[in-house]
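> Have a look at this one.
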């Protein structure tokens, strides 16, 4: 019994998903154990410093902070609406689907109706998860807008406001990462080979996007060390 092209979906597609999930687990480990080596961890440090500086201002001077939070709420609302719309379209497509819509295109893989329904369900799950994350991110930013406009500036209130803003950014990050998964799953409709190649390329791109590494540059007037030769004989 030979290896048919339908079996490629049983090999390449799970391997591609495992590669992506393994990379996300690696990012989660780095974020919790070594946050300053990740872009998200450094962004959180900046957000915490920003919240503390805003809460040190008078109430009449916190308009800039409210504007920044409002822009995040607007962006999260827009993306959650897009995800919900796509979920509705995919639900209607799934209920009326009678086969692979890309059957006329040359695809090297499984083109059965059951395989297409599985792909649609996976894509629908991604968009639902992204919608939930953006919705929760919006809720956290709405709470942060209330906290930034209160007169209480004690350390406990500042720490709580920092945690809320960071949590909203984390939900935003997960929502975006889920959309990346959805883009890769869209390639699955064109066969397991594009999906597997997209997984590898996406992981490589995200690695350089998520890793924070800055080489320290020496100031032109900075001394090299205590034994630096200044050209003056002792």
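> The stretch 125-168: Rg/Rh from Cα coordinates, Kirkwood Rh?
Numbers: Rg = 12.8 Å, Rh = 11.2 Å.
The Rg/Rh ratio comes out at 1.14.
> Return P(r) of the stretch 126-198 (all Cα-Cα pairs; 5 Å bins starting at 0; whole %; ordered from short to long distances).
3, 17, 18, 14, 12, 10, 8, 6, 5, 4, 2, 1
> Over the alpha-carbon set of the stretch 38-95, divide Rg by the Kirkwood Rh and report the Rg/Rh ratio to two decimals.
Working: Rg = 17.7 Å, Rh = 14.2 Å.
Rg/Rh: 1.25.
Taken together, the values in this text are just the output of simple stated rules run on the coordinates, not laboratory data. On a predicted model such as this, the values are computed, not experimentally measured, just so you know.
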